[in-house]
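Just below is one structure, and these are the notes that go with it.
Each reported figure results from applying straightforward, stated rules to the coordinates on display, with no laboratory input. These figures come from a predicted structure and were not determined experimentally. Heads up, the Cβs are rebuilt from the backbone with ideal geometry, glycines too, and the neighbour counts pull from every protein chain shown.
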Amino acid sequence: MIHLNGTVKHVKILKSSERPLVFFKLDDTNCLIASHSLNFLADAAEGTKIAVAGEYNSRKQFVVRKYAVIGKPQIVIEFEKSLYPKRNK
């Protein structure tokens, strides 16, 4: 498996189904993710730093098998910006 690090530049849903196919650019590398793509959409947005592991296909697109967000995931950032009041403990 090949490991890459970088910043997500562009995110696009190519195929919408129960397991969507998502295209994104990691710096200058074209990447595709199908497994865990819904989690990826919740975790990563443009400008997010991530580390990915996978392989290149015949079209020289990097097919992602595993990914990890470096820093806070996007869903946590959105939750912290929420207008809802904080829960009292």
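Tell me yes or no: at least one residue of the stretch 28-41 is touching a Leu at 6+ places or on another chain (Cβ under 6 Å) and closer than 18 Å to LYS72 by Cα. Looking through the stretch 28-41, none of the residues is touching a Leu at 6+ places or on another chain (Cβ under 6 Å) and closer than 18 Å to LYS72 by Cα.
Of all residues in the stretch 15-42, those that are under 17 Å from LEU4 (Cα atoms), surrounded by 14 or more Cβ atoms within 10 Å (Cβ to Cβ) and not hydroxyl-bearing (Ser, Thr, Tyr) total 9. Tallying residues that are exposed (fewer than 14 other Cβ atoms within 10 Å of the Cβ), under 27 Å from ILE2 (Cβ atoms) and not hydroxyl-bearing (Ser, Thr, Tyr) within the stretch 54-89 yields 9. Within the stretch 1-23, residues that are without any contact (Cβ under 8 Å) to a residue 60 or more places away in the chain reach partners that are hydroxyl-bearing (Ser, Thr, Tyr) and not in a strand (DSSP E or B) with beta carbons closer than 9 Å, at six or more positions or on different chains, in the pairs THR7/THR48; VAL8/THR48; ILE13/SER37; ARG19/SER35; ARG19/SER37; PRO20/SER37; LEU21/SER37; VAL22/SER37.
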